[in-house]
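First the structure, in the form of structure tokens, and then the observations on it.
The values are calculated or read from the model by the stated rules, or taken from the named source; none is laboratory data. Treat the numbers as computed from the prediction; the structure is a model and nothing was measured. Cβ: placed from backbone, ideal geometry, glycine included. Neighbour counts: every protein chain shown.
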């Protein structure tokens, strides 16, 4: 049982409509339904009676609702108290592979910044913000992730991805490129999601690997083995480009990877809020000439919700 599931229960109980509750929670309807079913399994009782038209609380649900509200209020009060104690503590920031070169300068005078040395994948860093291990993280994130983990994000940077090939000078069309997808779904979860959606949208070829060759010497080995342009991930790597390989722009469309500054929805620590404002103030991110491509669930797509409540 998780506090998040209890919040979902209260929302559905108040709306008596899964669609409205999902909109209120900024979560997909099927995901909300699955979480409620999981909570019912954990509790061993049915909380709702539902059919195609109506949703009603069961007797168990009626009994547990006020107790759940009280429990959530206690949890919120504990969180507020803990953050009140932590106002004078450094703001903990994690990142994946990119961060602004003037990071510390931007927050100088408004917050004491501690950059976490534990570099982890995007989904892991977002999770650490959600569980309180970090205050902020610079990572790639989906709108669904933000909603489910009660996070918010502001755009702080973007990478226009290129391809690496054996020779060649002209730009590479997306449908003529290859994207690598690694079997390690934990280490490369965010990249795999991005790469597979890009392939579905553009016709690029998916090449499945199991050697973590998304970066480093193994990546260049795959480029030579395939003999085709392979799209390079945004993961920074100190390995120099080997002789005989060239980096080429990708067009029609150009893949863009966004970096968001992620924090908690209900953040109240003045130092954290000041750091967010300082790091994103007057930030202008240029995605480059159109056409460019962003995943459908990217919160920074033109017209998408900004997730800055």
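Which number in (1) surrounded by 14 or more Cβ atoms within 10 Å (Cβ to Cβ); (2) over 26 Å from residue 4 (Cα atoms) marks the one condition that residue 144 misses?
(2)
Scan the stretch 34-44 and give yes if some residue there is within 30 Å of residue 125 (Cβ to Cβ) and in contact (Cβ under 8 Å) with a residue 40 or more places away in the chain, otherwise no.
The answer is yes, given that some residue of the stretch 34-44 is within 30 Å of residue 125 (Cβ to Cβ) and in contact (Cβ under 8 Å) with a residue 40 or more places away in the chain.
Quick grid of which residues meet (1) over 16 Å from residue 160 (Cβ atoms); (2) without any contact (Cβ under 8 Å) to a residue 12 or more places away in the chain; (3) surrounded by fewer than 15 Cβ atoms within 10 Å (Cβ to Cβ); (4) touching a strand residue (DSSP E or B) at 6+ places or on another chain (Cβ under 8 Å):
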{"site": "202", "(1), (2), (3), (4)": "no, no, no, yes"}
{"site": "208", "(1), (2), (3), (4)": "yes, no, yes, yes"}
{"site": "217", "(1), (2), (3), (4)": "yes, no, yes, no"}
{"site": "228", "(1), (2), (3), (4)": "yes, no, no, yes"}
{"site": "236", "(1), (2), (3), (4)": "no, no, yes, no"}
{"site": "242", "(1), (2), (3), (4)": "yes, no, yes, no"}
{"site": "253", "(1), (2), (3), (4)": "no, no, no, yes"}
{"site": "260", "(1), (2), (3), (4)": "yes, no, no, yes"}
{"site": "278", "(1), (2), (3), (4)": "yes, no, no, no"}
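Can you tell me which residue is farthest from the chain's Cα centre (by Cα) among those in the stretch 138-178 that are part of a helix (DSSP H, G or I) and more than 17 Å from residue 287 (Cα to Cα)?
We begin by selecting, within the stretch 138-178, every residue part of a helix (DSSP H, G or I); these are 143-148, 174-176.
Checking which are more than 17 Å from residue 287 (Cα to Cα) leaves us with 143-148, 175-176.
Details: 143: 7, 144: 8, 145: 5, 146: 7, 147: 10, 148: 10, 175: 26, 176: 28 Å.
Only one residue tops the list, namely 176.
Report, by residue number, each residue of the stretch 1-13 that is in a helix (DSSP H, G or I) and either out of contact with any helix residue (DSSP H, G or I) (no Cβ under 8 Å at 6 or more places or on another chain) or over 13 Å from residue 54 (Cα atoms) (or both).
Going through the stretch 1-13, the residues in a helix (DSSP H, G or I) turn out to be 3-13.
Across the stretch 1-13, the qualifying residues are 3, 4, 5, 6, 7, 8, 9, 10, 11.
For the stretch 44-62, enumerate the residues that are surrounded by 12 or more Cβ atoms within 10 Å (Cβ to Cβ) and over 11 Å from residue 16 (Cβ atoms).
Result: 45, 46, 47, 58, 60, 62.
Can you tell which of 181, 96 is touching a helix residue (DSSP H, G or I) at 6+ places or on another chain (Cβ under 6 Å) and either within 27 Å of residue 7 (Cα to Cα) or touching a residue at least 40 places away in the same chain (Cβ under 8 Å) (or both)? Break it down into steps so the answer makes sense when it comes.
Values: 181 fails: either within 27 Å of residue 7 (Cα to Cα) or touching a residue at least 40 places away in the same chain (Cβ under 8 Å) (or both).
Exactly one of 181, 96 is touching a helix residue (DSSP H, G or I) at 6+ places or on another chain (Cβ under 6 Å) and either within 27 Å of residue 7 (Cα to Cα) or touching a residue at least 40 places away in the same chain (Cβ under 8 Å) (or both), namely 96.
What tally of residues in the stretch 53-92 results from selecting those that are more than 17 Å from residue 7 (Cα to Cα), part of a helix (DSSP H, G or I) and modelled with pLDDT of 90 or more?
Within the stretch 53-92, residues that are more than 17 Å from residue 7 (Cα to Cα), part of a helix (DSSP H, G or I) and modelled with pLDDT of 90 or more number 1.
Looking at residue 50 and the list (1) in contact with a strand residue (DSSP E or B) (Cβ under 9 Å, 6 or more places away or on another chain); (2) at negative phi; (3) at pLDDT 90 or above, which single condition is not satisfied?
Going through (1) in contact with a strand residue (DSSP E or B) (Cβ under 9 Å, 6 or more places away or on another chain); (2) at negative phi; (3) at pLDDT 90 or above one by one, residue 50 breaks only (3).
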